[in-house]
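Asks: Dropping the structure in here first, questions after.
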Amino acid sequence: MASNRLPIVSGDTGNWGTVLNSFLSYALVSKTVAGIPTASVQAGALSYVSTINSAITTTYTIGSGGNTTGNETVLAYAASNAIAITLTDATAYPGIIHTIKKTDTTPNIVSISTVASQTIDGTNASSTTPIQIKVPYVSLSLASDGSNWYVI
């Protein structure tokens, strides 16, 4: 009679055991980069690294801070001027998620644009027609489907 139990970590093979052992082989790593706490999942397909870039005060391209393949959170401080943020190429990193938050109370706008002819929720979001965050402390999380971006 078959046993009704969960697989044993590092002890079972086959469908469930292999899937569980593979899943549990990933490690959540916490570290501080330039004084900013970050966490990442290490290994295999889940190796996108999350980075928080705080106090961005000028034009910024996601990934330019060195995290070219990972999820990125941008805290945009537009107190002195409007800020234009460009997303990474959606075709290069399917499944990646970026979050942009306006962190000030001024009327200055945080604009989000795409590269090439990529869209955000089906809308052209080039540098001439970007998505805009006008309300203080509002954030947008955007996910790549491998072709375009979607607000989630």
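Asks: Can you tell me how many residues in the stretch 108-123 are part of a strand (DSSP E or B) and either touching a Leu at 6+ places or on another chain (Cβ under 6 Å) or closer than 14 Å to TYR150 by Cβ (or both)?
Replies: Within the stretch 108-123, residues that are part of a strand (DSSP E or B) and either touching a Leu at 6+ places or on another chain (Cβ under 6 Å) or closer than 14 Å to TYR150 by Cβ (or both) number 4.
Asks: Could you go through the stretch 72-95 and let me know if any residue there is among the β-branched types (Val, Ile, Thr), modelled with pLDDT of 70 or more and assigned to a loop (DSSP other than H, G, I, E, B).
Replies: Yes, the conditions are met somewhere in the stretch 72-95.
Asks: With respect to THR68, determine if the residue is at pLDDT 95 or above and out of contact with any strand residue (DSSP E or B) (no Cβ under 8 Å at 6 or more places or on another chain).
Replies: So THR68 fails the test.
Asks: Exactly one condition in (1) surrounded by fewer than 13 Cβ atoms within 10 Å (Cβ to Cβ); (2) outside any loop (DSSP other than H, G, I, E, B); (3) small (Gly, Ala, Ser); (4) at pLDDT 90 or above is false for ALA55; which is it?
Replies: Unmet condition: (4).
Asks: Let me ask something additional. For the stretch 132-152, enumerate the residues that are outside any loop (DSSP other than H, G, I, E, B) and over 22 Å from THR59 (Cβ atoms).
Replies: ALA143, TYR150
The values are calculated or read from the model by the stated rules, or taken from the named source; none is laboratory data. Computed from a predicted model, the values in this text were never measured in an experiment. Positions of Cβ are backbone-derived with ideal geometry, glycine not excepted, and every protein chain shown enters the neighbour counts.
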